[in-house]
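Worksheet for the structure shown next.
The values are calculated or read from the model by the stated rules, or taken from the named source; none is laboratory data. The model shown is predicted, which means the values in this text are computed figures rather than measured ones. Here the Cβ positions follow ideal geometry from the backbone for every residue, glycine too, while neighbour counts run over all protein chains shown. Accessible surface is based on the protein model in full, side chains and every heavy atom, while ligands, DNA and RNA are left aside. Shrake-Rupley method; radii C 1.70, N 1.55, O 1.52, S 1.80 Å.
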Amino acid sequence: MPRKTAPKSGTKVRSEGCLGAADFGAALAQKWKQSREKGDAVSLLLLDLDGLHQLNTTYGHDQGDRALNATIATLTKSAKADGWTVGRIGGDEFAIVAPGVATEAAFLRADTLRREVDGALARAIQHGSVTASIGVASSPRDAKSPDDLMRKADLALYAAKDQGGSTVAL
């Protein structure tokens with residue numbers, strides 16, 4: 001039975017391997033600079049959880065924390081395997097910088113990652129539904145600076161959400 005008010009959470013959000021917003025911004029700037037010096041592409045993936053607010057409101061923050069933990073675990077595992085950097089840049093928003101990865105490869109990897117996160121979310125929460133939307137932007141195709149790359153990835157994320165969520169957009 002859904003709850004009318006969200007109880008306090010007994011679950012804590014674990015963030016091992018996931019940078020905070022300020023540290024991620026510094027890492028993005030560093031990866032940008034290194035990629036530019038090598039003449040490589042750099043891609044940025046922004047991921048937002050669809051339905052997390054409703055999950056928290058209806059079933060409590062414990063379920064929301066489970067969703068966040070499942071997302072962080074999936075993203076950090078994938079980022080480590082790919083040599084990428086992941087950060088939590090908002091309540092339910094994450095960013096991944098992928099140096100040396102061009103637009104098409106980033107898009108395909110983002111779709112795989114979205115499916116991995118969606119599967120982890122389905123296993124982690126007991127009630128409700130939460131999925132992931134991802135926006136992808138790459139340099140030099142989309143941006144001339146780290147801030148521009150973040151702005152373009154954010155626009156792509158909004159496009160993914162406008163398509164109904166649980167998708168990837170450029």
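For Ser15 and Lys38, the FRET efficiency from 1/(1 + (r/R0)^6), where r spans their Cβ atoms and R0 equals 30 Å, is about 0.50. Counting only Cα atoms, the stretch 66-170 measures 43, 30, 23 Å along its principal axes, largest extent leading. Residues of the chain were split at every exposed loop site, defined as trypsin sites (Lys or Arg not before Pro) in a DSSP loop with at most 11 other C-beta atoms within 10 angstrom, and the longest piece left, sites excluded, is 13-143. When shorter helices are ignored and each DSSP H run of at least 4 residues is given -39500 (n - 2.57), the per-residue value for the chain at 222 nm works out to -17000 deg cm²/dmol.
Helix 21-38 and the longest principal axis of the C-alpha atoms of the chain enclose an angle of approximately 30°.
Applied to the stretch 106-112, the Karplus parametrisation 6.51 cos²θ - 1.76 cosθ + 1.60 on θ = phi - 60° returns per-residue 3J(HN,Hα) values of 5, 4, 5, 5, 5, 5, 5 Hz, with x for Gly and Pro. Remark on Thr85: its backbone amide H falls under 5 Å from those of Val97, a criterion applied only to residues 5 or more positions apart or on other chains, H modelled at 1.01 Å from N. For the chain, the antiparallel share of DSSP beta bridges with both residues in that region comes to about 85%. Round to the nearest 10 and give me the degree value, 0 to 90, for the angle of helix 61-82's Cα axis relative to the longest principal axis of the chain. It works out to around 30 degrees.
At 4 °C and 1.567 mPa s, grab the translational diffusion coefficient of the stretch 51-121 from Stokes-Einstein with a Kirkwood Rh over Cα pairs, rounded to a whole number in µm² per second.
On the way: Rh = 12.9 Å.
It comes out at roughly 100 µm²/s.
A 20 angstrom limit on the alpha carbon distance is what I want to check against. Which of Lys31/Lys152; Lys12/Lys161; Lys77/Lys161; Lys38/Lys144 exceed it? If you can, show how the numbers build up before the last one.
Values: Lys31/Lys152 17 Å; Lys12/Lys161 27 Å; Lys77/Lys161 25 Å; Lys38/Lys144 15 Å.
Flagged as over cut-off: Lys12/Lys161; Lys77/Lys161.
Please say if the stretch 130-170 is rounded, prolate or oblate, where rounded means a/c under 1.5 for a ≥ b ≥ c the square roots of the C-alpha gyration tensor eigenvalues, and otherwise the choice is prolate for a/b larger than b/c and oblate otherwise? It comes out prolate by the Cα gyration axes.
Would you work out the relative contact order for the chain, in percent, from Cα pairs under 8 angstrom that are 6 or more residues apart? Across the chain, relative contact order equals 28 percent.
Determine how many Å³ per residue the convex hull of the Cα atoms of the stretch 24-70 encloses.
Details: hull volume 4.0 nm³, N = 47.
In the stretch 24-70, the Cα hull volume divided by residue count equals 85 Å³.
Summing charges over all other residues whose Cβ lies under 14 Å from the Cβ of Lys152, with Lys and Arg as +1 and Asp and Glu as -1, gives -1. Ranking Val130, Asn56, Ala156 by how far each Cα lies toward the positive end of the dipole of the chain (charges on Cβ) leaves Asn56 at the top.
With the cut-off at under 20 Å, measuring from each backbone N in the stretch 52-83 to a point 7 Å along the Cα-to-Cβ line of Gln126 picks out 52-71.
GNM on the chain, alpha-carbon springs under 10 angstrom: the most fluctuating residue among Ser15, Ser43, Ser133 is Ser15. Rolling a 1.4 Å probe over the protein heavy atoms gives the chain an accessible area of 50 Å² per residue. The accessible surface of the chain, taken with every protein chain in place and a 1.4 Å probe, is 51 percent carbon and sulfur.
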